[in-house]
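S.K.: Just passing along the structure, written as structure tokens.
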Amino acid sequence: MPVPQNFYRRLLQLPLFQGFSEADYLEMAAKVRLNFQTLQAGKTIIRQGSPCKSYIFIVGGDFCVTHHNDSPIYMLHEWFSMPALLGAENLYGLRQRYAYSATTKSVVTLFEVSKDMVFNVLMNYEVFRMNYMNLLSYYSQTRRDKLWLSHPSLLQERFAAFLSYRCLRPAGHKRLHIRQTSLAAELLATLRNVSLMLQNLEERQLLHHGRGFIDVPRFEKLVQEV
């Protein structure tokens, strides 16, 4: 597939390529096989639990990321309309499998870089190495810091924290599929109090909820308001 128009500028929006000069990009493009794809809406990009053998860079289109726990008692959907990298934290290490699934919600343009190309070619660029180290450090520090946050006392704050701990991005559209009884157990609260909390947040237009689901149009607004 041919390289998309204005691809260089799109590439610079991705965290691992920020700071790349056009000369570096042209040199890299001559060495690295970029497997371009255009997927129609409703297609699976990656599936949770499948082997992570490459980086997948989304450079155009809308997609949804889905996480579920092992049971699965609940499932979380997140919608994205921005350039993104999938699988950065799972290409190496103990668990080399995708930690979530991703599906297209519109026509999506992406390219894939194999693990061998990442290690043998891209790691030779100092800018890429620094960006890669910064990205992994960000993941590690963010998750460590969350473990040491004080446990919120208010129920609505605990609900916002429950979502925040499980999101890739603490903003945008989220939908949680969970029974209220299960949510009450996760939040260490009574079913009545969880029901009242959800009704209150819906009256304030911060979310919509129904049987087995909670829809948050703008998660950043929910965090700010609670």
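Each value in this text was obtained by applying a stated rule to the coordinates, not by laboratory testing. Everything numeric in this text was worked out from a predicted model, so none of it was measured. Cβ coordinates were reconstructed from backbone atoms using ideal geometry, including for glycine residues, and neighbour counts include every protein chain displayed.
S.K.: Relative contact order for the range 155-225 using alpha-carbon pairs under 8 Å, separation at least 6, rounded to a whole percent?
M.R.: So the answer I get is 41 percent.
S.K.: Could you list S164, S140, S71 in order of exposure, starting from the residue whose Cβ has the fewest other Cβ atoms within 10 Å?
M.R.: Fewest-to-most Cβ neighbours within 10 Å comes out as S71, S140, S164.
S.K.: May I ask which of K146/K221; K105/K174; K43/K221; K43/K174; K53/K146; K174/K221 have a Cα-Cα span longer than 22 Å here?
M.R.: Cα-Cα > 22 Å for K43/K221; K53/K146; rest within.
S.K.: Enter the angle in degrees (range 0 to 90, nearest 10) between the Cα long axis of helix 126-147 and the first principal axis of the Cα atoms of the chain, meaning the one along which they spread out most.
M.R.: The two axes meet at around 10 degrees.
S.K.: Right, here's the next one. To the nearest whole percent, what portion of all C-alpha pairs in the range 86-126 is separated by more than 17 angstrom?
M.R.: It works out to 47 percent of all Cα pairs.
S.K.: Still on this structure, please answer the following. What's the magnitude of the charge dipole for the chain around its Cα centre, counting Lys and Arg as +1 and Asp and Glu as -1 at the beta-carbon? Answer in Debye, nearest 20.
M.R.: Once rounded to the nearest 20, the dipole reads 440 debye.
S.K.: Using Cβ counts within 10 Å as a stand-in for footprinting exposure, how do M82, M75, M28 rank, fewest first?
M.R.: Starting with the residue having the fewest Cβ neighbours, the order is M82, M75, M28.
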